[in-house]
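What follows is one structure encoded as structure tokens, with my remarks underneath.
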Amino acid sequence: MAANNRRMSGKKGAQVGSGGQRRKGLEGRGPTPPAEMRKGHKKNRISNAKAKQAVRRPAPRGRGGKGTSELVVGRNPVVEALREGVPASTLYVQQFIDNDERVREALQLAAERGGINLMEAPRPELDRMTNGLNHQGLVLQVPPYEYAHPEDLAGAAADAGEDPLIVALDGVTDPRNLGAVVRSVSAFGGHGVVVPERRAAGMTAGAWKTSAGTAARTPVARATNLTRALEAYKKAGLVVVGLAADGEADLAELQALDGPVVIVIGSEGKGLSRLVGETCDVRVRIPMPGGAESLNAGVAAGIVLYEAARRRR
């Protein structure tokens with residue numbers, strides 16, 4: 001009878017020749033995704049709602065105005081942006097995406113930082129958002145940068161009891177150069193960077209990455225008209241120094257770096273524009289024994305800022 005009961009129990013042992021199916025069934029499926037990514041979870045619904053509201057709501061304008069939002073597209077660019085601390089509002093992840101190492105790292109970095117909405121989206125929606133770019137299932141939304149006003153930079157120096165040390169860029173259009181200048185200003189104790197509103201690089205994700213995080217503590221101001229902004233600095237007692245290959249003064253002889261100063265750097269190819277050059281109190285050259293015709297904005301700024309910091313010790 002006991003043997004008969006065992007036959008009727010319906011239980012089966014491991015089958016011979018199962019091909020390891022039981023072992024495969026015990027294998028894990030990777031780490032559990034954050035609550036914001038689990039469809040149907042309360043946090044997922046809240047995150048999606050916030051992301052939609054952020055897209056629809058117009059951004060308020062500050063004294064220096066705001067830039068435009070930007071999308072970082074692709075697995076490697078998204079991961080690199082999150083590693084470098086580039087500001088982000090929403091991480092869009094394609095539904096049913098292949099969960100590889102880069103996707104897992106992006107989700108982990110976004111969750112650890114906090115304040116980043118995680119939103120699932122079907123591939124057609126991501127294709128539409130990115131205008132058909134190869135997003136690989138990951139899209140990071142960078143919020144508009146809030147620029148300072150040129151007056152704020154001199155004001156911050158006065159509040160700190162220091163002579164202003166400001167860099168203004170004239171015709172510099174490469175965001176990586178802007179990021180490099182921001183990094184140099186931060187390293188040598190400067191009080192900020194001024195860029196024109198038009199025909200100039202802005203604080204994009206590329207600029208943030210090149211700044212190596214220093215953009216979070218070094219303000220960038222945007223001027224509607226750079227010449228007028230420089231004239232206002234002159235009226236406030238700052239000396240406006242323009243860098244030019246044919247400048248009348250040598251950097252080593254320039255005494256203005258000891259006091260309140262604005263250093264104006266032009267583009268690598270064209271240098272200072274005519275009106276900006278005429279507005280400068282003095283034009284200065286950097287000695288280059290090697291015979292190079294020009295330096296890019298990031299390198300030139302680093303040289304002059306180092307000289308200014310050395311004299312201010």
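The values are calculated or read from the model by the stated rules, or taken from the named source; none is laboratory data. Every value quoted in this text rests on a predicted model; they were computed, and no experiment measured them. Cβ placement follows ideal geometry from the backbone for every residue including glycine, while neighbour counts extend to all protein chains displayed. The accessibility values were calculated without ligands, DNA or RNA, using every heavy atom of the protein model including side chains. Shrake-Rupley method; radii C 1.70, N 1.55, O 1.52, S 1.80 Å.
Does GLY302 qualify as being at pLDDT 90 or above, assigned to a loop (DSSP other than H, G, I, E, B), open to solvent by 10 Å² or more (accessible area, probe 1.4 Å) and not acidic (Asp, Glu)?
It is false that GLY302 is at pLDDT 90 or above, assigned to a loop (DSSP other than H, G, I, E, B), open to solvent by 10 Å² or more (accessible area, probe 1.4 Å) and not acidic (Asp, Glu).
Quick grid of which residues meet (1) touching a strand residue (DSSP E or B) at 6+ places or on another chain (Cβ under 6 Å); (2) buried (at least 21 other Cβ atoms within 10 Å of the Cβ); (3) farther than 15 Å from GLU151 by Cα:
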{"residue": "SER184", "(1), (2), (3)": "no, yes, yes"}
{"residue": "ALA200", "(1), (2), (3)": "no, no, yes"}
{"residue": "TRP208", "(1), (2), (3)": "no, yes, yes"}
{"residue": "SER211", "(1), (2), (3)": "no, yes, yes"}
{"residue": "ARG228", "(1), (2), (3)": "no, no, no"}
{"residue": "GLU231", "(1), (2), (3)": "no, no, no"}
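Looking at ALA158 and the list (1) touching a residue at least 12 places away in the same chain (Cβ under 8 Å); (2) closer than 23 Å to THR218 by Cβ; (3) among the hydrophobic types (A, V, I, L, M, F, W, C), which single condition is not satisfied?
(1)
Return the residues of the stretch 181-206 that are under 22 Å from VAL240 (Cβ atoms) and hydrophobic (A, V, I, L, M, F, W, C); say none if nothing qualifies.
Residues satisfying the conditions are VAL181, VAL182, VAL185, PHE188, VAL193, VAL194, VAL195, ALA200, ALA201.
Tally time: how many residues in the stretch 157-208 are within 20 Å of LYS270 (Cα to Cα) and among the charged types (D, E, K, R)?
Qualifying residue count for the region: 6.
Test each condition in (1) among the aliphatic types (A, V, I, L, M); (2) out of contact with any Phe, Trp or Tyr (no Cβ under 9 Å at 6 or more places or on another chain); (3) in contact (Cβ under 8 Å) with a residue 40 or more places away in the chain; (4) buried (at least 16 other Cβ atoms within 10 Å of the Cβ) for LEU133 and report the one that comes out false.
So the condition that LEU133 fails would be (4).
Taking ALA110, is it in contact with a Lys or Arg (Cβ under 8 Å, 6 or more places away or on another chain), within 28 Å of ALA216 (Cβ to Cβ) and surrounded by 21 or more Cβ atoms within 10 Å (Cβ to Cβ)?
When the stated conditions are applied, ALA110 does not pass them.
Cβ-Cβ under 6 Å, sequence separation 6+ or interchain: first residue in the stretch 204-220 and on the phi < 0 side of the Ramachandran plot and at pLDDT 90 or above, partner polar (S, T, N, Q) and part of a helix (DSSP H, G or I). Which pairs?
Cβ pairs passing all conditions: THR214/SER186; THR218/SER186.
Which one is surrounded by the fewest Cβ atoms within 10 Å (Cβ to Cβ) among residues in the stretch 277-298 that are assigned to a helix (DSSP H, G or I) and in contact (Cβ under 8 Å) with a residue 24 or more places away in the chain?
Applying the filter and picking the extreme gives GLY277.
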